[in-house]
Amino acid sequence: MGGITLFSEVLGREVIVPERPSRIISLSPALTEILYMIGVWDRVVGVSVFDHKPPEAREKPKVGSYYKVNYRLMEELKPDLVLVTTGAQRRVLEELAEKYTVYPIPLPISVSGVIDQVVEVGVVVGELERARELQADLISKAARLRGALKGVRAYYEVFLGGPVTAGGHTYIVDAFRLLGIETPFEAVRTTWITDPPVNVVKEFDPDVIIYEPSPYVEVNVENVLRDFENRGLGELKAVKERRIIIMPPDSLAHYGPSLLDTLENLAEQVRKAIGGSVE
């Protein structure tokens, strides 16, 4: 089978990938979703333990996570291409590259970056036309969402063993800005902020709280309200008026193409939560 040469900005070198890879392993939930949506699912032989979009991903062999890889299973699956991302996955990237054809797709820091991933994956797996079609659909969705929640002030929190929020160097804050939502840490030039300063959240006093729980912990509005009160945030307008939106686990934290559908759903929930205060 022939190959094509692609330059990887992440690796700083050229990578020869199969012209039409037939045994693909994806170690990123976002990339797995892209592979499904551009129609190459029959060529995916393994995924990461975190992959659940699409639901069919649960049926594929689980090869590894961001930090660890089951090399025995990898040998059995005989991949001709391994797709990974950057960030935390850099720890295994070079190790994998010594044994397999590996192509890393950079983590996105914007909604545009989420969409760009689709095209890059399409290039790497030889399905550029289908990738372009998906790209066009996502661009149209993003255009419809622009400014949908202009003037809304929201505080986003995800539970990752403790409270964590998004800084300005994330696609999540960029997604909120696309919707017109202001967030308290959008100007902070970092990715994730652990134990967000209570005084900053208090001063910001959001209209609504967007909460994303851990997949392993069941929560409801009462749980979230109690937690915020215990942390000294009981006087927030959103807490007193019970304007808490609980997202499904791994919804906003998932940066695959379905992020645009997640944002559309979120916009509708925020409208219902705050009523006529949306411009």
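Summary of computed values
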{"item": "Residue count for the range 228-253, restricted to those that are surrounded by 13 or more Cβ atoms within 10 Å (Cβ to Cβ), over 26 Å from Ala30 (Cβ atoms) and either in contact (Cβ under 8 Å) with a residue 12 or more places away in the chain or assigned by TED's automatic domain parsing to the domain that holds Ala30 (or both)", "result": "9"}
{"item": "Sole residue being out of contact with any strand residue (DSSP E or B) (no Cβ under 6 Å at 6 or more places or on another chain), of a type outside the set (A, V, I, L, M, F, W, C) and not in a helix (DSSP H, G or I), chosen from Gly151, Gly122", "result": "Gly151"}
{"item": "Verdict on Asp207 being in contact with a strand residue (DSSP E or B) (Cβ under 8 Å, 6 or more places away or on another chain), among the acidic types (Asp, Glu) and not assigned by TED's automatic domain parsing to the domain that holds Pro108", "result": "yes"}
{"item": "Ala175 being at pLDDT 95 or above and either assigned by TED's automatic domain parsing to the domain that holds Gly256 or part of a helix (DSSP H, G or I) (or both)", "result": "yes"}
{"item": "Residue count, the range 165-212 (criterion: closer than 21 Å to Ala30 by Cβ and either among the small types (Gly, Ala, Ser) or crowded, with 18+ Cβ neighbours inside 10 Å (or both))", "result": "15"}
{"item": "First in the range 79-99 and in a loop (DSSP other than H, G, I, E, B), second anywhere and among the charged types (D, E, K, R) and surrounded by 13 or more Cβ atoms within 10 Å (Cβ to Cβ), Cβ under 6 Å, 6 or more apart", "result": "Pro79/Arg23; Asp80/Arg23"}
{"item": "Scope the range 1-45; condition farther than 22 Å from Leu134 by Cβ, of a type outside the set (A, V, I, L, M) and in contact with a helix residue (DSSP H, G or I) (Cβ under 9 Å, 6 or more places away or on another chain); matching residues", "result": "Arg23"}
{"item": "Any hit, the range 2-9, residues being hydroxyl-bearing (Ser, Thr, Tyr) and surrounded by fewer than 14 Cβ atoms within 10 Å (Cβ to Cβ)", "result": "yes"}
{"item": "Residue satisfying condition, being at positive phi and in contact (Cβ under 8 Å) with a residue 60 or more places away in the chain, within set Gly147, Gly122, Gly161, Gly151", "result": "Gly151"}
{"item": "All positions within the range 15-45 that are under 17 Å from Ile105 (Cα atoms) and of a type in the set (Gly, Ala, Ser)", "result": "Ser26, Ser28, Ala30"}
{"item": "Lys78 at positive phi, surrounded by fewer than 21 Cβ atoms within 10 Å (Cβ to Cβ) and either out of contact with any Ser or Thr (no Cβ under 8 Å at 6 or more places or on another chain) or among the basic types (Lys, Arg) (or both)", "result": "yes"}
{"item": "Conditions (1) surrounded by 17 or more Cβ atoms within 10 Å (Cβ to Cβ); (2) part of a helix (DSSP H, G or I); number of the one not met by Gly113", "result": "(1)"}
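Yes/no matrix, rows are residues, columns are (1) surrounded by fewer than 24 Cβ atoms within 10 Å (Cβ to Cβ); (2) closer than 17 Å to Val118 by Cα:
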residue: Val15; (1), (2): yes, no
residue: Glu19; (1), (2): yes, no
residue: Ile24; (1), (2): no, yes
residue: Leu27; (1), (2): no, yes
residue: Leu31; (1), (2): no, yes
residue: Val40; (1), (2): yes, yes
residue: Phe50; (1), (2): yes, no
residue: Pro55; (1), (2): yes, no
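The values are calculated or read from the model by the stated rules, or taken from the named source; none is laboratory data. Computed from a predicted model, the values in this text were never measured in an experiment. Here Cβ is always computed from backbone atoms with ideal geometry, including for glycine, and neighbour counts include all displayed protein chains.
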